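Read the structure below first, then the notes.
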Amino acid sequence: MNVLYLQCAMGASGNMLTAALASLLPDPASFARDINSLGIPRVCASLERGSSRGMAGWKARIEIDGREEDAQPRSHGSAHGHSHARFDEILGFIRSLPVSDKVRANACSIYRRIAEAEAQVHGCAPGEVHFHEVGTADAVCDVVSVCLLMERLNPGRVVCSPVCVGSGLTYTAHGFLPVPAPATASLLHGVPSYGSDFPGELCTPTGAALISHISNAFGPMPEMTLLKEGCGLGSREFPQPNCLRALLGTAPGGDSETGSCDSVCELSANIDDMTAEDIALARDLLIDNGALDAWVIPLAMKKGRPGSMLCALCAPPEAAQIRQVFFKHTSTLGVRSRILQRAVLDRSIETVSTALGPVRVKTARGWGTEKTKPEFDDIERLVRKSGLSAAEVRALVSRGKKG
């Protein structure tokens with residue numbers, strides 16, 4: 001099983017985490033082209049080599065309307081000079097992006113955590129939050145980028161070091177706030193953290209939300225056989241290298257070719273008094289709230305009524321949140337749940353260049369087998385673009401070159 005270790009001795013931000021994870025890819029610079037192809041308005045991303053206090057790495061640069069992210073003016077009205085964005089607007093935009101359902105679900109779940117933290121700080125409901133720093137175009141780019149990278153790297157386990165938050169004060173849209181800022185502190189609940197001897201905000205709200213979402217455990221680097229090291233650089237200079245390191249390896253006794261086992265929670269409810277449209281919406285909302293999968297099974301229920309069984313699969317820690325979606329968005333009076341053991345293949349995603357454009361290809365290995373399949377969203381896009389059949393596009397992919 002592949003293990004990813006994140007070393008956050010200088011905190012965490014969206015761009016540092018993006019650069020650290022991207023530097024584990026065969027061609028980090030090409031990932032920026034993938035991000036720009038998503039069509040996030042006003043955003044232009046790039047990945048460049050650099051160094052900090054002698055530590056070499058990669059730096060993720062985000063330009064908003066032609067100006068670099070950290071050069072954007074700040075005001076009390078909105079951080080980085082952007083207008084405020086509502087939570088539902090951000091979710092709607094993320095759902096419109098040409099990415100997989102898994103990436104959409106993870107990105108929406110991360111923003112939901114941010115909204116809940118901001119709502120707690122400001123004493124309002126999550127839906128009433130108007131985002132400042134975390135709701136801007138550069139933060140959307142950071143969150144989606146990290147979710148895409150985690151899908152491509154697909155580690156079986158993620159362990160994160162204690163997170164350095166910095167010290168002193170930081171200037172935000174609400175004026176000067178102590179470090180860690182209130183929303184950042186809320187997002188770091190359950191995450192080991194500590195301060196620095198020098199002033200500055202080292203962990204941003206976006207960084208805290210990403211780290212707390214993708215990490216399975218916190219502590220020192222676990223025993224593993226190293227395969228690759230990545231380093232994401234921050235934009236400011238400090239007395240020590242300003243970087244976030246990502247170390248990828250295999251666990252003792254494990255092998256990326258063998259597959260692995262884990263635990264999942266299955267939740268389900270029988271429903272006979274909802275319309276097909278409402279059940280379909282509930283299924284989508286389960287995915288948006290972090291379910292690994294969700295599906296509907298037709299039933300013949302009591303008194304001969306046609307009904308449906310709505311089911312969802314999630315990581316055990318997310319079961320309470322998924323159960324709440326069942327109760328809020330369906331008519332059910334009860335939700336069943338059970339813990340299941342599953343065997344899974346180790347998966348990775350690579351980009352194949354074709355005459356029509358890039359196509360993501362998923363490879364799954366383990367348990368004595370290997371499977372390769374192009375992402376259907378990319379196949380569909382090229383079918384509509386070229387007028388060729390799906391079979392003809394797949395044939396082009398099989399002859400393409402990995403990039």
### Summary
All conditions in (1) of a type in the set (D, E, K, R); (2) crowded, with 24+ Cβ neighbours inside 10 Å; (3) part of a strand (DSSP E or B) are true of ASP138 except (3)
### Message
I need a count of the residues in the stretch 191-221 that are hydrophobic (A, V, I, L, M, F, W, C), buried (at least 21 other Cβ atoms within 10 Å of the Cβ) and assigned to a helix (DSSP H, G or I).
### Response
4
### Summary
PRO41 meets each of (1) more than 23 Å from THR184 (Cα to Cα); (2) touching a strand residue (DSSP E or B) at 6+ places or on another chain (Cβ under 8 Å) with one exception, condition (2)
### Message
Please go through the stretch 374-403 and give me each residue that is among the aliphatic types (A, V, I, L, M) and in contact with a Leu (Cβ under 8 Å, 6 or more places away or on another chain), ordered by number.
### Response
LEU382, LEU388, VAL393, LEU396
### Query
Do we find a residue being crowded, with 21+ Cβ neighbours inside 10 Å and at pLDDT below 90 anywhere in the stretch 223-235?
no
#### Entry: Subset of the stretch 327-342 (residues that are farther than 14 Å from LEU313 by Cβ and not hydroxyl-bearing (Ser, Thr, Tyr))
PHE327, LYS328, HIS329, LEU333, GLY334
### Message
If I filter the stretch 283-318 down to residues being in a loop (DSSP other than H, G, I, E, B) and open to solvent by less than 60 Å² (accessible area, probe 1.4 Å), which single residue comes out as nearest to ASP272 (Cα to Cα)?
### Response
MET301
### Message
With the requirement that a residue be aliphatic (A, V, I, L, M) and more than 16 Å from the chain's Cα centre (by Cα), what does the stretch 198-221 give you?
### Response
LEU202, ALA217, MET221
### Query
helices (runs of 4 or more DSSP H) wholly in the stretch 1-101 with at least 3 residues that are buried (at least 16 other Cβ atoms within 10 Å of the Cβ) and at pLDDT below 95 - which ones?
28-36, 87-95
### Task
Would you list the strands (runs of 3 or more DSSP E) that sit entirely within the stretch 319-403 and hold 3 or more residues that are in contact (Cβ under 8 Å) with a residue 40 or more places away in the chain and loosely packed, with under 15 Cβ neighbours inside 10 Å?
336-344
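Quick one: which residue in ASP278, ASP273, ASP288, ASP262 is modelled with pLDDT of 95 or more and among the acidic types (Asp, Glu)?
ASP278
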## Note on the structure
Across the stretch 168-187, the tally of residues that are at negative phi and open to solvent by less than 30 Å² (accessible area, probe 1.4 Å) stands at 9
### Query
Being over 19 Å from THR18 (Cα atoms) and out of contact with any helix residue (DSSP H, G or I) (no Cβ under 8 Å at 6 or more places or on another chain), is that true of even one residue in the stretch 201-216?
no
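The values are calculated or read from the model by the stated rules, or taken from the named source; none is laboratory data. None of the values given here were measured: they were computed from a predicted structure. All Cβ positions, glycine included, derive from the backbone under ideal geometry; neighbour counts span all protein chains shown. With ligands, DNA and RNA removed, areas are computed over all heavy atoms of the protein, side chains included. Shrake-Rupley method; radii C 1.70, N 1.55, O 1.52, S 1.80 Å.
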